[in-house]
Amino acid sequence: MNTDTVSANPVTAENFARYGKVFHLVDDQDAQVIWTTGDGWRDGFTRIPLVEGSPRLGITRAPGAPWSCTAMERHLLTEEAIFCADEAIVLAVAPASAADAPDAADIEAFIITPGTAVVMHRGVWHDACRGASGPTPYYWMAVCGLGESPWVPVVGGSRQVQVMQGDVA
């Protein structure tokens, strides 16, 4: 049984590219975001729709990290966007594959901070997020009603997901 530990890394467009896209909506630097200003305010919005189709907005109330990733799900017919409500969250993923389940050895974890959204490609295996510093809610967007999205056990046992001190900004 694989009980190795994986440490979550701050998400970037480069380190998350195999799983999806990253949008930084607070740094005023992301070229994928259109920036506007007004009398005392600034905002940004994505140049393209966050998720294809007619997605629904959902919220998950999650416990905090660390945790043992024992099961994952994937969505073959929709992308899924994940973004924070207030506190940083941790997303554990494994590459999309033709396999019926993800492999524990392939699991990576990413820290998503407020103001950042990630959009997972179709078929990417993922666990529910956890709060980086304790229990916290987070938002997700996906096209719903596309059939069951079964949670399956991770092949090779569980993978412990942790956050190292100093990695949460």
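Just one of the numbered conditions (1) within 22 Å of A132 (Cβ to Cβ); (2) in contact with a Gly (Cβ under 8 Å, 6 or more places away or on another chain); (3) without any contact (Cβ under 8 Å) to a residue 40 or more places away in the chain is not true of T12; which one?
Every condition holds for T12 apart from (2).
Kindly evaluate P66 against the criterion of being under 18 Å from G134 (Cα atoms) and surrounded by fewer than 19 Cβ atoms within 10 Å (Cβ to Cβ).
Values: under 18 Å from G134 (Cα atoms): yes; surrounded by fewer than 19 Cβ atoms within 10 Å (Cβ to Cβ): yes.
Yes.
Give the residue, chosen from L57, L91, that is aliphatic (A, V, I, L, M), in contact with a Cys (Cβ under 6 Å, 6 or more places away or on another chain) and at pLDDT 95 or above.
On the way: L57 fails: in contact with a Cys (Cβ under 6 Å, 6 or more places away or on another chain).
Only one candidate qualifies: L91.
Can you name the number of the only condition in (1) farther than 22 Å from M164 by Cβ; (2) out of contact with any His (no Cβ under 9 Å at 6 or more places or on another chain) that R74 fails?
Every condition holds for R74 apart from (2).
Look at segment 29-42 and say how many of its residues are surrounded by 13 or more Cβ atoms within 10 Å (Cβ to Cβ) and either in contact with a Ser or Thr (Cβ under 7 Å, 6 or more places away or on another chain) or basic (K, R) (or both).
Result for segment 29-42: 2.
The values are calculated or read from the model by the stated rules, or taken from the named source; none is laboratory data. Predicted model only: the values in this text are computed from it and were never measured. When we count neighbours, we look across all protein chains shown, and the Cβ atoms used for this are built from the backbone with ideal geometry, even at glycine.
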